[in-house]
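Rule-based calculations on the coordinates, nothing more; no lab input. Small disclaimer: the values here were computed from a predicted structure and weren't measured. Methodologically, a virtual Cβ is constructed for each residue, glycine included, from the backbone with ideal geometry; neighbour enumeration extends over all protein chains shown.
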Amino acid sequence: MRRKGELLPAAVDRAWPHQVVLPARACEGGGYNEIHEFCKDLSLCSRGHAVHHDNQWYHVYCFSDPADADKFKQRFGGEKFNPSQKGKGRDWARWNKP
């Protein structure tokens, strides 16, 4: 269900196409605050999402500026994520990683 004013996933993918995934465990505890403090001056979308692959969950961070995505990747690691690799329908959270 979508709420009024909420960004749709397709809109996020269009406006913030430069995406980086991190294992969910990297975002737990103090990791969340560290990541968001680092990103406060970057083009990070206010709405992210999560995907799973091989029984592991990942958080997807979306940026409008490719340089910001590269800075994020250099600082926290992770890997680039192509929005077209998201699952569809009921499997929307599956990462169809090649």
Where is the GNM fluctuation largest for the chain (alpha-carbon springs, 10 angstrom cutoff): Phe76, Phe38, Phe63? Phe38
5 Å is the cut-off here: which amide hydrogens, built 1.01 Å from N in the peptide plane, fall below it relative to His49, excluding neighbours closer than 5 in sequence? Val60
Taking trypsin sites (Lys or Arg not before Pro) as exposed when in a DSSP loop with at most 13 other Cβ atoms inside 10 Å, the chain has its longest clean stretch at 5-46
Amide proton proximity set for Gln19, modelled H, under 5 Å, gap of 5+: Phe63, Phe81
Residue-averaged [θ]222 nm for the chain, counting only DSSP H segments that reach four residues, each worth -39500 (n - 2.57): -8000 deg cm²/dmol
What size of dipole, in debye to the nearest 20, comes out for the chain about its Cα centre when the only charges are +1 on Lys and Arg C-beta atoms and -1 on Asp and Glu C-beta atoms? 460 debye
Of the options His36, Pro83, Ser46, report the single residue whose Cα projects farthest towards the positive end of the charge dipole of the chain (beta-carbon charges: Lys, Arg +1; Asp, Glu -1). Pro83
Using a Gaussian network model on the chain with a 10 Å cutoff between Cα atoms, which of Asn55, Asn33, Asn82 fluctuates the most? Asn55
Length released on extending from Asn82 to Phe38, taking residue separation times 0.36 nm less the Cα-Cα span: 13.6 nm
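Please give the contour-minus-distance gain from Arg47 to Ala11: 0.36 nm per residue of separation, less the Cα-Cα distance, rounded to one decimal in nm.
Gain on stretching Arg47 to Ala11: 11.9 nm.
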Arg94 neighbourhood, Cβ < 11 Å, K/R = +1, D/E = -1, net charge +2
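Can you check what the net charge comes to around Ile35, using other residues whose Cβ is under 14 Å from the Cβ of Ile35 (Lys, Arg +1; Asp, Glu -1)?
Net local charge, Ile35 excluded: 0.
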Backbone HN-Hα couplings from phi across the range 52-57 [Karplus 6.51/-1.76/1.60, Hz, Gly and Pro as x]: 10, 8, 6, 6, 10, 9
Exposure rule at most 12 other beta-carbon atoms within 10 Å, DSSP loop GluC sites (Glu not before Pro): the chain longest free segment: 29-98
In Hz, Karplus ³J(HN,Hα) per residue of the range 23-36 (6.51, -1.76, 1.60; θ = phi - 60°; x = Gly, Pro): x, 4, 4, 6, 9, 7, x, x, x, 4, 5, 4, 5, 6
Gyration tensor verdict on the range 58-98 (Cα atoms; rounded if a/c is under 1.5, prolate if a/b is larger than b/c, oblate otherwise): prolate
Which residue, chosen from Ser64, Pro23, Ala93, occupies the Cα position most advanced towards the positive end of the dipole of the chain, where the dipole is computed from +1 (Lys, Arg) and -1 (Asp, Glu) charges on Cβ about the Cα centre? Ala93
Stokes-Einstein at 37 °C, 0.692 mPa s, Kirkwood radius from Cα pairs: D for the chain in µm² s⁻¹? 238 µm²/s
